[in-house]
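Comments concern the structure below.
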Amino acid sequence: MTNKLFFSFALSICFSVNSLAQVNLDSIYSLNRHQLEETINQIRDEQGEDSLGRFFDAFIEYRNYHRALKKLETYRTHQGLDTLEHVDLSDCRLNVIPDFVYECTQVSSIDLSGNSIEALPEKLNTLPHLRKIKLNKNVDTIKKLKVARLKQIKEVTLKHNELKRIPRRFKRLDSLEFLDISYNDFKRIKGRIKRFKKLEGFNISGNEELGEEFRAFRKLNNLEALYASSMQWTVIPEDVYEMNSLKKLIVRENQLTSVSSKIGNLNQLTELSFYKNQLTELPVELFSLSDLRELDLFHNQLTSIPEEISNLKQMTSLYLAFNRISYLPESIGDMNLRQIYVHHNNLSSLPNSLSQMDSLYTIRFNYNQLTEFPSSLLQLKHLNFIDMSNNDIKQIPEELKLMKELEILSMDKSGNSIDDKLYADQNENVLTELYKRGVNINYGDPE
């Protein structure tokens with residue numbers, strides 16, 4: 001510990017000239033819990049309660065400094081730098097990229113988050129496999145960061161940098177395929193974005209003041225994935241519905257109450273998420289998205305699902321949990337789902353047509369109002385995971401013993417009535433057979 005750091009620490013907690021002035025951060029950092037408590041009590045007694053806040057701030061600052069030094073030293077002494085594929089230099093208090101990085105000839109990603117990096121130098125071109133650079137939380141330097149022309153860089157993340165626009169020098173990264181500007185202070189996405197003609201993925205999440213005009217996006221003809229979570233949107237901006245090349249649209253944790261019929265324009269979508277919104281209904285046009293493979297509607301206000309859902313023949317994962325759904329259409333059995341999550345709803349039964357889903361391997365219908373185990377599931381020989389917990393099911397059917405691929409059965413005793421005297425012996429017999437076969441009988445409630 002240098003004298004400079006020691007006196008900085010001493011001043012920060014307003015030490016007077018006493019025995020504590022002889023304690024430096026190196027010694028405090030190495031104390032065990034009991035010794036640290038004694039030191040804290042001594043500071044409180046001699047300096048007062050107010051000094052503890054400054055002490056902890058200084059201690060945490062030093063701890064982070066210590067960890068940064070240790071991380072850098074680990075890399076500098078590493079005997080196999082030329083084998084590393086990922087280099088994590090986050091929170092290392094760096095202004096420049098260390099020389100040892102250029103010995104990492106196999107590196108594909110470098111994390112420079114939490115620093116004050118001043119330049120992405122041309123020398124990075126000597127790392128032939130480098131594709132991804134993280135520059136999150138480089139607030140002090142990001143706006144004036146010098147950026148060389150780095151043709152091999154495909155992905156850059158710029159989270160939490162208080163940015164209002166994309167820094168001008170980043171236009172030199174014209175081979176970018178993924179750009180993350182989430183959780184900044186953007187109010188508009190201007191024409192500078194059109195320079196990234198190869199952009200395939202764009203994350204704008206968390207820019208709550210970002211307006212509804214996205215015309216500049218129309219120039220991104222290769223854009224396949226748009227992440228727009230935590231934007232405080234009450235409607236999806238009209239320009240989004242014109243992004244015909246999109247295959248993935250993630251609009252999580254917003255305030256949407258409805259979705260426009262124009263969602264049908266996005267006919268190349270394979271993944272769509274409206275997780276944690278306020279949707280009460282779905283437009284029928286959504287079910288014309290014939291390439292859709294994953295639909296996430298967790299945590300909305302839906303009460304029913306339209307019959308037209310059966311049009312989604314390519315879908316393999318359907319997430320409907322945490323809604324108010326009381327009915328699932330029989331047409332759902334015409335789908336080719338592998339996973340269906342309908343837990344935390346108001347269902348009293350499941351469609352008989354589920355028996356047609358030969359490829360289904362996971363179903364969760366816990367926290368509903370079923371009184372009988374769904375017989376339609378007993379014909380599905382490939383089911384791997386069933387969660388029936390927290391319903392009011394009294395009888396566990398014998399046929400469960402015939403489901404040879406079943407690995408996990410969740411069935412909370414307090415939520416169901418499987419100890420009912422009428423079926424107690426049968427239930428115990430079924431569970432014993434399943435347990436002997438290696439099925440994990442889970443009496444809790446998996447998240």
- Single match in F217, F196, F274 (criterion: of a type in the set (F, W, Y) and modelled with pLDDT of 95 or more): F274
- Could you tell me which of the residues R215, R165 is surrounded by 15 or more Cβ atoms within 10 Å (Cβ to Cβ) and over 19 Å from Y275 (Cα atoms)? R165
- Query: In the list F298, F322, F287, F274, which residue meets the criterion of being in contact with a strand residue (DSSP E or B) (Cβ under 6 Å, 6 or more places away or on another chain), buried (at least 16 other Cβ atoms within 10 Å of the Cβ), among the aromatic types (F, W, Y) and not assigned by TED's automatic domain parsing to the domain that holds L383?
  - Reply: F298
- Among the residues of segment 338-380, how many are over 21 Å from L297 (Cβ atoms) and among the polar types (S, T, N, Q)? 7
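One line per residue, one yes/no per condition, for (1) assigned to a strand (DSSP E or B); (2) exposed (fewer than 15 other Cβ atoms within 10 Å of the Cβ); (3) not β-branched (V, I, T):
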residue: N221; (1), (2), (3): no, yes, yes
residue: S230; (1), (2), (3): no, no, yes
residue: T234; (1), (2), (3): no, yes, no
residue: Y241; (1), (2), (3): no, no, yes
residue: L249; (1), (2), (3): yes, no, yes
residue: N254; (1), (2), (3): no, no, yes
residue: T257; (1), (2), (3): no, yes, no
residue: K262; (1), (2), (3): no, yes, yes
- Inspect segment 423-445 for any residue being at pLDDT below 90, out of contact with any strand residue (DSSP E or B) (no Cβ under 6 Å at 6 or more places or on another chain), under 16 Å from N366 (Cβ atoms) and among the aromatic types (F, W, Y) and give the result as yes or no. yes
- Got at least one residue in segment 273-290 being more than 27 Å from I393 (Cα to Cα), in contact (Cβ under 8 Å) with a residue 40 or more places away in the chain and in a loop (DSSP other than H, G, I, E, B)? yes
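The values are calculated or read from the model by the stated rules, or taken from the named source; none is laboratory data. Note that this is a predicted model, so its numbers are computed, not measured. Methodologically, a virtual Cβ is constructed for each residue, glycine included, from the backbone with ideal geometry; neighbour enumeration extends over all protein chains shown.
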